[in-house]
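In what follows, a single structure is set out as structure tokens and then discussed.
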Amino acid sequence: MLNQQLFDFEKSLGQSVLQQIEAPFIKEKGIELWMKRDDLLHPIVSGNKWRKLKYVLNDALSVEAQRLISMGGAYSNHLHALAYVGHCLGLPTAAYIRGECPKHLNPSLVDMQQWGMRLHYVTRSDYQLLRQQGLASYQQGDYWIPEGGSLTPALQGVAELLTEIDIDYDVLCVPCGTATTLAGLVSALPDTKKIIGFAALKGAGFLVDDVQKMLNKVACHNNDWLVNLNYHFGGFAKTKPELHDFIDDFEQQQQILLEPIYTGKMLYGIYDLIKQGYFQAGQRIIALHTGGLQGKRGFTAKHNKEMKKYDHSRINRS
Ligand SMILES: Cc1ncc(COP(=O)(O)O)c(C=O)c1O
């Protein structure tokens with residue numbers, strides 16, 4: 001049974017509508033592209049954040065956890081959402097952050113601190129150990145949530161979003177970090193539908209094993225899933241000018257904001273695959289907007305710097 005506080009929080013969420021993405025080249029291919037707007041659920045606990053945290057938090061509350069501890073990068077959407085929900089629930093939170101404490105905290109870290117999250121900075125090698133082994137020692141009452149909220153109860157929350165899709169479709173697309181969201185969707189998707197995860201990381205072939213391991217813990221009937229590794233743009237949180245150009249155009253045409261780490265890369269990939277004729281005429285595709293728009297704040301400056309570099313190199317060559 002869902003804890004009353006979580007029930008109330010869920011009731012306050014916005015509606016994740018299905019919205020058609022229209023563009024002449026999509027129509028010409030005889031394809032329909034729709035977006036499931038999980039970014040509209042909440043400005044902070046948006047997209048897959050609420051989906052993944054819902055039953056993890058329910059479990060934490062049911063075992064009377066005294067503190068939630070997790071890990072992530074300095075712009076982590078997961079930690080940002082966890083800090084906020086912990087604050088709303090009156091449950092202390094702490095996090096291990098990859099890398100050194102920056103001289104000036106970025107806006108995501110400032111938010112986390114303001115919501116009372118204790119931040120511990122760890123070296124990249126210690127972070128890797130935490131990722132592989134989890135916390136070496138716990139205080140009584142600590143509830144450990146691995147990177148990206150990747151625990152089995154997260155799958156159930158993600159799977160629930162499928163019950164909200166009231167149109168027929170052939171292919172579901174989702175961005176992947178830890179691929180927990182992909183696993184949750186595969187676990188509940190009928191085997192007549194295909195699902196494609198788009199990896200945000202470079203060299204993320206290991207995700208197939210990770211998903212399989214997560215699926216081994218739950219009932220699953222769908223074998224028609226894959227992880228596309230071709231649209232990482234150089235690696236996690238790396239971008240290229242053509243990705244930013246794509247996002248700028250998309251935002252202008254569709255009036256839907258995208259961030260460049262997950263949903264932006266996935267949509268670039270979907271557009272590219274449609275152009276290449278990967279999907280069959282008559283197919284209806286649904287792309288999941290996994291939110292995380294707070295992470296966009298870190299990109300404006302980086303984006304501008306990259307674009308400047310790009311323009312300079314063009315000027316120098318001419
Ligand atoms: C906005 C956003 N989209 C997608 C993902 C990837 O989700 P997962 O780690 O479940 O693959 C994340 C990370 O949690 C995210 O923050």
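The values are calculated or read from the model by the stated rules, or taken from the named source; none is laboratory data. Fair warning: this is a prediction, and the values are worked out from it, not measured in the lab. Quick reminder, even Gly has a Cβ in these numbers, built from the backbone with ideal geometry, and neighbours come from all protein chains shown.
Taken over the range 254-272, the criterion of being over 16 Å from the mean Cα position of the chain (by Cα) and either closer than 25 Å to Asp166 by Cα or of a type in the set (Val, Ile, Thr) (or both) is satisfied by Gln254, Gln255, Ile256, Ile270, Tyr271.
Taking each residue of the range 82-104 that is closer than 25 Å to Gln4 by Cα and looking for partners that are part of a helix (DSSP H, G or I) and modelled with pLDDT of 95 or more with beta-carbon atoms closer than 6 Å, six or more apart or interchain, yields Ala83/Met112; Leu89/Gln5; Thr93/Leu82; Thr93/Ala83; Thr93/Gly86.
With the requirement that a residue be over 21 Å from Trp225 (Cβ atoms), within 12 Å of the ligand (Cβ to nearest atom) and either out of contact with any Leu (no Cβ under 7 Å at 6 or more places or on another chain) or of a type in the set (A, V, I, L, M, F, W, C) (or both), what does the range 261-290 give you? Listed by number, the list holds a single entry, Ile261. Here is the figure for the range 148-173: residues that are surrounded by fewer than 18 Cβ atoms within 10 Å (Cβ to Cβ) and part of a loop (DSSP other than H, G, I, E, B) total 6. Condition check: among the acidic types (Asp, Glu) and surrounded by 19 or more Cβ atoms within 10 Å (Cβ to Cβ). Does Asp59 satisfy that? So Asp59 does not fit the description; no. None of Val208, Val218, Val186 is modelled with pLDDT under 95, in the same structural domain as Thr239 (by TED's automatic domain parsing) and of a type outside the set (Phe, Trp, Tyr) except Val218. When Arg131 is tested against the conditions (1) part of a loop (DSSP other than H, G, I, E, B); (2) under 26 Å from Ala83 (Cβ atoms), the lone failure is (1). Of the residues making up the range 117-161, those that are among the aliphatic types (A, V, I, L, M) and within 15 Å of the ligand (Cβ to nearest atom) are Ile145, Leu151, Ala154, Leu155, Val158, Ala159, Leu161.
Selection over the range 28-56 of residues that are assigned to a strand (DSSP E or B) and surrounded by 21 or more Cβ atoms within 10 Å (Cβ to Cβ) gives a count of 3.
Provide a single number: the residues in the range 87-120 that are surrounded by 16 or more Cβ atoms within 10 Å (Cβ to Cβ) and more than 19 Å from Pro43 (Cβ to Cβ). The qualifying residues number 8. Within the range 217-229, residues that are of a type in the set (Gly, Ala, Ser) sit with their Cβ atoms under 8 Å from residues that are buried (at least 17 other Cβ atoms within 10 Å of the Cβ), at 6+ positions apart or across chains, in these pairs: Ala219/Ser187. When residues in the range 146-195 are screened for being among the hydroxyl-bearing types (Ser, Thr, Tyr), without any contact (Cβ under 8 Å) to a residue 60 or more places away in the chain and closer than 29 Å to Met71 by Cα, 2 of them pass.
Per-residue answers, yes or no, for (1) under 26 Å from Arg124 (Cα atoms); (2) modelled with pLDDT under 95; (3) assigned by TED's automatic domain parsing to the domain that holds Thr163:
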site	(1), (2), (3)
Glu22	no, no, yes
Leu33	no, no, yes
Leu57	no, no, no
Ser70	yes, no, no
Leu79	yes, no, no
Pro92	yes, no, no
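Please enumerate the residues belonging to the range 56-96 that are away from the ligand (no atom under 13 Å from the Cβ) and closer than 21 Å to Pro175 by Cα. Residue satisfying the conditions is Ala74 alone.
Let me spell it out: the conditions are (1) under 30 Å from Phe279 (Cβ atoms); (2) away from the ligand (no atom under 16 Å from the Cβ), and Gln114 meets all of them except one. Which number is the exception? Unmet condition: (1). If the condition is being within 19 Å of Gln139 (Cα to Cα) and part of a loop (DSSP other than H, G, I, E, B), then the range 77-128 contributes Gly90, Leu91, Pro92, Gly116, Met117. In summary, Gln253 fulfils each of the numbered conditions (1) surrounded by 14 or more Cβ atoms within 10 Å (Cβ to Cβ); (2) away from the ligand (no atom under 13 Å from the Cβ); (3) in a helix (DSSP H, G or I); (4) of a type in the set (S, T, N, Q) with the single exception of condition (1).
Take the range 174-208 and flag every residue that is of a type in the set (D, E, K, R) and part of a loop (DSSP other than H, G, I, E, B). Answer for the range 174-208, where residues must be of a type in the set (D, E, K, R) and part of a loop (DSSP other than H, G, I, E, B): Asp191, Lys193, Lys202.
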